[in-house]
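The values are calculated or read from the model by the stated rules, or taken from the named source; none is laboratory data. Just so we're clear, the structure is a prediction, and the values are computed from it rather than from any experiment. Using ideal geometry, Cβ is built from the backbone for each residue, glycine included, and neighbour counts are taken over all protein chains shown.
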Amino acid sequence: MLRLENLTVAVGEREILHDINLEIRPGEVHVLFGPNGSGKTSLLGAIMGFARYRVVSGKIYFQGEDITTWPIDARARLGIGLSFQRPPTVRGVTTRQLVGVCGRGQVEVEALAEELNFRDFLDRDVNLGFSGGELKRSELLQLLAQDPQLVLLDEPESGVDLENIALIGRVINRLLERDVVHREGKSQREIRRGRRKAGLVITHTGYILDYLNTDVGHVLFEGRLSCVGNPHELLDCIQKLGYEECVRCSIENATMAGGQGNYAHGTAGRDSGAGTGGRG
Amino acid sequence: MHTARQEEILARARAAAGKAAAYGEDLDLNSYRVSAATLPYLNDPTQLAAEDRARLLAAGVDVTGSDRAGTFIQINQSVVHCGVAQEGLEVLSTAEALEKYPWAEEYWWRAVLPDQDKYTAHVALAPQRNGYFIRALPGARAVYPLQACLYLQQEGAVQDVHNIVIAEEGAELHLVSGCTSAARVKHGAHIGISEFYVKKGARLTFTMIHNWAEGVAVRPRSGTVIAEGGLFLSNYVCLQPVRTMQMYPTAWLQGPGAVARYYSILVAPPGSSMDVGSRVVLQAPRTRAEVVARTLTTGGEIINRGCLVAEAPEVKAHLECRGLVLAETGVIHAIPELLAKVGNVDLSHEAAVGKIAEEEIEYLMARGLSEDEATATIVRGFLNVQMMGLPPALQAEIDKAVEAGEKALF
């Protein structure tokens, strides 16, 4: 569904992402770990097409199209949706109006807002004076209305209190068709295999993984993908050893691939129907 | 036969006849004609020509009078209609009111000074007294807004008006004042003196919609005196071209707990020059004020002033100037001022001028809007000031004016 090919991205004159290769297939949810400043948000920004992230070389393919130079709105209409880490305030535009825009007028705004316990905020200006957790709920509400094929989530749990983190997790699972629901005439396995929605989730703390089933984990370190594997295993390793350990892996990668930064592709979670396996 | 006070007003005006205003281009008032013709009175203002009615409607004045508590219309220098539909409210021409009520002199040149500048002097020295006198009797509550229209129809003419508005104790009054010029007026001037008096516990909402033209010069001069517990809410909308507009209305909060709020929405297309501000003087304890301005240039020049003066303790006031520059040649100059003359006051201001934040455009584009749609949405939001405490019909009126103005933008 999404394929990044030797993607190098700069902000101004400074290269911040180097030779990124990544593929997310339909139905897969990938997690992106990495220390502050490693380039996680920039990677999502480049995929979405924000002007400040200039593609120096490489390609971005989505749904079979080379979207490397497409404008943001065309990418959104083709099915990419992004939950911003720090969304801007839009004065004079209500959340209700924006959710309507996201759903192209085809959604029941009230009903979607009810799901996120967010009805009281519908008539407030977009993000004006919202707390950290309210911002995240507002972002997810917009994505629910937008219903994208590829969901990019930038730290969906940051600033969210314990009470709401389960709610956030539930909504993300729904966005990714990973909520467990009974459907007549279909086994759960069939339902899992029929999933098409894909996701790329940035998490700094990893808390969201307690609520969200994910398939593949990556570590982004100093602008390079330095590691791939089972998300829980990676998180466990990062929690115990810290990102310092990534230095060793990236040195190793560089030596092995002759400085191309071509990191070993893992096999974990390739069959999205098989679940994550590594949980618990 | 003039009283001593009238003599004094005239003397002061004569002395100020050549006095340039503190701000704005100095107009040569001799370049305008003073209309001598008296237009016929219309019992039914729907008899106005269709093109005139359309101009009035664009300034928020509906000649059918539906959902209005009363109507006043002045064309050039003639009062052509004056009517009221609710008990407890009065709508007269100023000339008539001064004749009918000897006490009306007490409200004449009290909130605005005759020798402030050549424009106030011009009106004070004018041979006839134009403008409206609108009053809500004690405790009267206007269900619908009253509407007043000042219409400049004659090419090359100066229109002068002197308005008095009184909300007596405990009264509630909403006034929509639509000021506009005929399509054929390429050169003209409007000078408007407005004196507002908000008595104890009264509420007065004054909504002014300006709809002038490229060649019209406008010099309003307004003052408001607010007594204990009174509320004055001023909304000003100017989204159409005007050659030069300068005003700096002032509210004096004289009674404890009085409140003043000014909201302004200004759009300056190329060729327009506006120097507009709002000033509030907090003279009694526990008074409050809020001044909010949204300015937008598509090539014209806007100077947006704001001034809060605290002269009594325990007062609180906030000033907000936000400006959007949508063209390379446009100018916005925000000048917020705070002046505290005593301790224990809380004055604040917030000013921001610039282009539309790219971050906001990209945010909306990520939701599927094109760049143009995203820009239009942000501009619409910027101009969408929800003015607190307005009756829904009045807010709808303002929204309509803003919507009409936006059409010209995109």
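List of remarks:
- The condition of being away from every other protein chain (no Cβ under 14 Å), farther than 30 Å from A:Gln85 by Cα and in contact with an Asp or Glu (Cβ under 8 Å, 6 or more places away or on another chain) holds for only one of B:Val276, B:Val309, B:Val291, that being B:Val291.
- Of all the numbered requirements in (1) in contact with a Gly (Cβ under 6 Å, 6 or more places away or on another chain); (2) closer than 29 Å to A:Leu78 by Cβ; (3) polar (S, T, N, Q), A:Ser138 misses one, and that requirement is (1).
- Contacts under 6 angstrom Cβ, first residue in the stretch B:21-50 being under 12 Å from B:Tyr119 (Cα atoms), partner small (Gly, Ala, Ser), 6 or more apart: B:Asp26/B:Ala20; B:Leu27/B:Ala217
- Elements of type strands (runs of 3 or more DSSP E) contained in the stretch B:270-316, each with 2 or more residues being under 15 Å from the mean Cα position of the chain (by Cα) and among the small types (Gly, Ala, Ser): B:273-282
- Of all residues in the stretch B:351-367, those satisfying the criterion of being more than 10 Å from chain A (Cβ to nearest Cβ), more than 11 Å from A:Val90 (Cα to Cα) and of a type in the set (A, V, I, L, M, F, W, C) are B:Ala351, B:Ala352, B:Val353.
- Here B:Ala49, B:Ala58, B:Ala15 are screened, and the one residue that is modelled with pLDDT of 95 or more and aliphatic (A, V, I, L, M) is B:Ala15.
- In the set A:Leu209, A:Leu176, A:Leu153, only one residue is surrounded by 17 or more Cβ atoms within 10 Å (Cβ to Cβ), in contact with a strand residue (DSSP E or B) (Cβ under 8 Å, 6 or more places away or on another chain), closer than 16 Å to A:Leu43 by Cβ and touching a residue at least 60 places away in the same chain (Cβ under 8 Å); that residue is A:Leu153.
- Whether a residue is basic (Lys, Arg) and farther than 29 Å from B:Ile209 by Cβ was assessed, and B:Lys355 does not pass this test.
- Scanning the stretch B:96-123 for residues that are under 21 Å from the mean Cα position of the chain (by Cα) and on the phi < 0 side of the Ramachandran plot yields a count of 16.
- Residue list for the stretch B:359-376, filter: among the hydroxyl-bearing types (Ser, Thr, Tyr) and part of a loop (DSSP other than H, G, I, E, B): B:Ser370
- Residue that is nearest to the chain's Cα centre (by Cα) [pool: residues in the stretch A:18-68 that are surrounded by fewer than 16 Cβ atoms within 10 Å (Cβ to Cβ) and without any contact (Cβ under 8 Å) to a residue 12 or more places away in the chain]: A:Gly37
- Of all residues making up the stretch A:100-109, the number that are surrounded by fewer than 19 Cβ atoms within 10 Å (Cβ to Cβ) and either among the hydrophobic types (A, V, I, L, M, F, W, C) or facing chain B (nearest Cβ under 9 Å) (or both): 2
- Qualifying residues in the stretch A:72-93 (those that are out of contact with any Asp or Glu (no Cβ under 6 Å at 6 or more places or on another chain) and part of a strand (DSSP E or B)) - the one surrounded by the fewest Cβ atoms within 10 Å (Cβ to Cβ): A:Gly92
- Count of the stretch A:71-99 residues, restricted to those that are basic (Lys, Arg), within 30 Å of B:Asp399 (Cβ to Cβ) and more than 7 Å from chain B (Cβ to nearest Cβ), is 1.
- The stretch B:317-332, residues that are surrounded by 19 or more Cβ atoms within 10 Å (Cβ to Cβ) and in a loop (DSSP other than H, G, I, E, B): B:Gly330
- Among the residues making up the stretch B:12-59, those that are hydroxyl-bearing (Ser, Thr, Tyr) and surrounded by 13 or more Cβ atoms within 10 Å (Cβ to Cβ) are B:Tyr23, B:Tyr32, B:Ser35.
- Among the candidates B:Asp67, B:Asp62, the residue that is out of contact with any Asp or Glu (no Cβ under 7 Å at 6 or more places or on another chain), in a loop (DSSP other than H, G, I, E, B) and buried (at least 19 other Cβ atoms within 10 Å of the Cβ) is uniquely B:Asp62.
- Per-region count, the stretch A:196-213, residues at pLDDT 90 or above and touching a Ser or Thr at 6+ places or on another chain (Cβ under 6 Å): 0
- When residues of the stretch B:368-382 are limited to those that are more than 7 Å from every other protein chain (Cβ to nearest Cβ) and buried (at least 19 other Cβ atoms within 10 Å of the Cβ), the one nearest to B:Arg261 (Cα to Cα): B:Val379
- Test: residue in the stretch A:110-122 that is in contact with a strand residue (DSSP E or B) (Cβ under 8 Å, 6 or more places away or on another chain) and either within 13 Å of chain B (Cβ to nearest Cβ) or among the β-branched types (Val, Ile, Thr) (or both): no
- In the stretch B:333-350, of all residues being over 28 Å from A:Glu139 (Cα atoms) and either surrounded by 15 or more Cβ atoms within 10 Å (Cβ to Cβ) or within 14 Å of chain A (Cβ to nearest Cβ) (or both), the one that is farthest from the chain's Cα centre (by Cα) corresponds to B:Val345.
- Test: residue in the stretch A:75-84 that is modelled with pLDDT of 90 or more and hydroxyl-bearing (Ser, Thr, Tyr): yes
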